[in-house]
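Peer 1: Here it is, the structure in full.
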Amino acid sequence: MQSAGKRRTLPTMIDVAERAGVSLKTVSRVVNDEPGASTHTRDKVRAAITELGYQRNTAASELRSGRSGLVALVVEDASEPYQSELGMAIETELSNNGILLLTVSTEANRDRANLAVAALAERRVDGLIIFPSIQHELDFSPVLDSGTHLVFVDRPSPEISTDHVRSSHRQGAYDATARLLDLGHTRVAYLGDLMTLFTGTERVSGYKQAMSDRGIQIDTRLIHLQNPDLDGVGEAFLAMCQLTDPPTAVVTGNSLTTIQLLRSPHFDSARTAHVAFDDIPLGDLLRVPLTVIRQDITTIGSTAARLLLERIRGNVVPPRTIIVPTQLVVRESDTIPGA
């Protein structure tokens, strides 16, 4: 039995080199995944590592490389379905590359977001992936001064030029509207985000473009834009329905607006055709299963992580914008029974 006063000596790279019968430099190449060692040699070194129980001294390696092995994701609310799925996709991609992910929720508060960004830069994370909550001008000077790499998802940064991954917001809203128009509707309402949001502007623009392309005059009375965290969607739709020429179909521009509309006593899915931007939990199990524009959140997250990894590894190409296509998923809500 080992005495309480004596610690077990941990195996070193020298021990690994002796066991594998190779040089210390060769072990270093294998441990740090550097070129210069054959497959046979790498297998011998890895076998020796396993036999001895050698563990790489990550702290020392990070000091030498100037890297922390950490990346942070800054979001509004990590429990929200889109942001939760986004975080899982990013974490999977980073984990496969030996990097840990820290996730910070800002609750859409600018001061909290600024504090988080500054604290993460001070802790020298290798990179930040930002899901910007609102179009406030956040202070990224600590990040830029420290050389920390940045990637934005869903919405670009209004202040700095950096890598950016998002859905085809405009095309998705266009496809949602076109689906209803192609089914014969001419009075199509749009309920969505304020245009202070990049996504809000892109999606209402897609709606308007689809109407224009089919020669249908846009009626501003059928457009309602608001913060979806606030009440008012149901009342706005009721006002539209009280017009002499009410809408026969509606596009909702985000999941929270969709949920508000579905909960409203003023909305009847048996009387009004509906296509929603973003799927919602159990949307396929509603009384009238929801036709949606689905975002490929997994691809967005994994792509953002890969772009950041490339930057961390030294890629210096100009900032890139990657637009991930959306998909129209047809269920039943886009058609009116008996129509």
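Peer 1: Select from the stretch 301-328 the residues that are surrounded by fewer than 16 Cβ atoms within 10 Å (Cβ to Cβ) and of a type in the set (Lys, Arg) and write down the one among them that is nearest to Leu150 (Cα to Cα).
Peer 2: For the stretch 301-328, the residue satisfying everything is Arg320.
Peer 1: Can you tell me how many residues in the stretch 280-321 are touching an Asp or Glu at 6+ places or on another chain (Cβ under 8 Å) and β-branched (Val, Ile, Thr)?
Peer 2: Total satisfying the criteria: 9.
Table: residues versus (1) under 24 Å from Arg313 (Cα atoms); (2) in a helix (DSSP H, G or I); (3) in the same structural domain as Asn97 (by TED's automatic domain parsing); (4) modelled with pLDDT under 90.
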site: Met1; (1), (2), (3), (4): no, no, no, yes
site: Arg7; (1), (2), (3), (4): no, no, no, yes
site: Thr26; (1), (2), (3), (4): yes, yes, no, yes
site: Val30; (1), (2), (3), (4): yes, yes, no, yes
site: Gly36; (1), (2), (3), (4): yes, no, no, yes
site: His40; (1), (2), (3), (4): no, yes, no, yes
site: Thr50; (1), (2), (3), (4): no, yes, no, yes
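Peer 1: A further question follows. Could you tell me how many of the residues in the stretch 87-134 are over 23 Å from Pro228 (Cβ atoms), surrounded by 14 or more Cβ atoms within 10 Å (Cβ to Cβ) and among the charged types (D, E, K, R)?
Peer 2: 4
So that you can scan it fast, the table gives a plain yes or no per residue for (1) within 22 Å of Ser167 (Cβ to Cβ); (2) β-branched (Val, Ile, Thr); (3) in a helix (DSSP H, G or I):
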| site | (1), (2), (3) |
| --- | --- |
| Glu107 | no, no, no |
| Ala116 | no, no, yes |
| Leu120 | no, no, yes |
| Leu128 | yes, no, no |
| Pro142 | no, no, yes |
| Leu150 | yes, no, no |
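Peer 1: OK, next. Quick check: anything in the stretch 80-94 of a type in the set (Phe, Trp, Tyr) and modelled with pLDDT of 80 or more? Lay out the reasoning, then the answer.
Peer 2: If we filter the stretch 80-94 for residues that are of a type in the set (Phe, Trp, Tyr), which is where we start, we get 82.
From the residues that got through so far, the ones that are modelled with pLDDT of 80 or more too are 82.
There is at least one residue in the stretch 80-94 that is of a type in the set (Phe, Trp, Tyr) and modelled with pLDDT of 80 or more.
Peer 1: From the list Ile297, Ile259, Ile293, exactly one residue is touching a residue at least 12 places away in the same chain (Cβ under 8 Å) and closer than 18 Å to Val233 by Cα. Which is it?
Peer 2: Working: Ile297 fails: closer than 18 Å to Val233 by Cα; Ile293 fails: closer than 18 Å to Val233 by Cα.
Ile259 is the lone residue from the list that is touching a residue at least 12 places away in the same chain (Cβ under 8 Å) and closer than 18 Å to Val233 by Cα.
Peer 1: Starting from residues that are out of contact with any strand residue (DSSP E or B) (no Cβ under 8 Å at 6 or more places or on another chain) and assigned to a helix (DSSP H, G or I), keep the ones in the stretch 270-300 and report whichever is surrounded by the fewest Cβ atoms within 10 Å (Cβ to Cβ).
Peer 2: By that ranking, first place goes to Leu285.
The values are calculated or read from the model by the stated rules, or taken from the named source; none is laboratory data. Nothing here was measured: the structure is a model prediction, and the numbers come from that model. For neighbour counting, all protein chains shown are included, and Cβ atoms are generated from backbone atoms with ideal geometry for every residue, glycine included.
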